[in-house]
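Only the coordinates and a few stated rules stand behind these numbers; no lab work does. Keep in mind that what you see is a predicted model, and the values were worked out from it rather than measured. Using ideal geometry, Cβ is built from the backbone for each residue, glycine included, and neighbour counts are taken over all protein chains shown.
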DNA sequence: CCGAAAAGTGCAACATAATGCTCTATTTAT
DNA sequence: ATAAATAGAGCATTATGTTGCACTTTTCGG
């Protein structure tokens, strides 16, 4: 329904770039391993808190920006 | 616990800038009025889906960016 | 100041996110 | 090819997000 895949990809890519496995990320972020597995495998609808914890642990920042109306596609 | 206030402020400011009240936003976004009230009054921990719906309706985009380590504060 | 509109709150029902445990599948290194 | 490491899934439980309804509070125009 939504473009969660974008966020998921970003999180996963970032985690892999940092050579952190799901288990480590679970410890670093305080989010359970089960939840991370679910999230990264594209299931579920994480809460803002969960996403924020993951983002923080990975040095990522969640932001809201005004969408460009006519991007030079 | 987290910096939700930032996102909330952004959503609320955007809504007001567009001169849309909570009721209209509820209709536009498909998120219930009750949930919007809760969210904007700083309570709750919305799901990604809820945030996305609100963001979409307000022409905002949720993004994850690599955090600057030493911003020229 | 007063009334109407908009925003916030308490309560309860329902849906579902978060979690742990166990097991399976896939990936990776030797 | 195989073993070890990493990732994904099923199931059940607990916690909590979403919602509607009714009511209170705040904001704003006249």
ask   = Where is the GNM fluctuation largest for chain A (alpha-carbon springs, 10 angstrom cutoff): A:50, A:63, A:35?
value = A:63
task = With an 8 Å cut-off on Cα pairs and a minimum separation of 6 or more residues, tell me the relative contact order of segment B:7-73 in percent.
result = 31
inquiry  = I'd like the distance between the alpha-carbon centres of segment B:3-19 and chain A, rounded to an integer number of Å.
reply    = 22
key: Copies compared at residue A:13 - label distances in nm, ascending, label defined 7 Å from Cα in the Cβ direction   = 2.8
task = Shortest first and in nm with one decimal, please list how far the residue B:66 label point sits from its counterparts in the other copies (point 7 Å along Cα→Cβ).
result = 2.8
query = So what's Rg/Rh here for chain B, counting alpha carbon atoms and using the Kirkwood radius for Rh?
reply = 1.01
ask   = Considering only the label points, 7 Å along Cα→Cβ from Cα, what distances in nm to one decimal separate residue A:38 from the same position in each other copy, shortest first?
value = 1.7
note = Across A:49, A:22, A:38, the residue with the highest GNM fluctuation in chain A (Cα network, 10 Å cutoff) is A:49
request  = Please find, in a Gaussian network model of chain B (springs between Cα atoms separated by less than 10 Å), the residue of B:55, B:26, B:13 whose mean-square fluctuation is greatest.
outcome  = B:13
request  = Grab the beta carbon distance between residue B:18 and residue A:38, set R0 = 30 Å, and tell me the FRET efficiency rounded to 0.05.
outcome  = 0.30
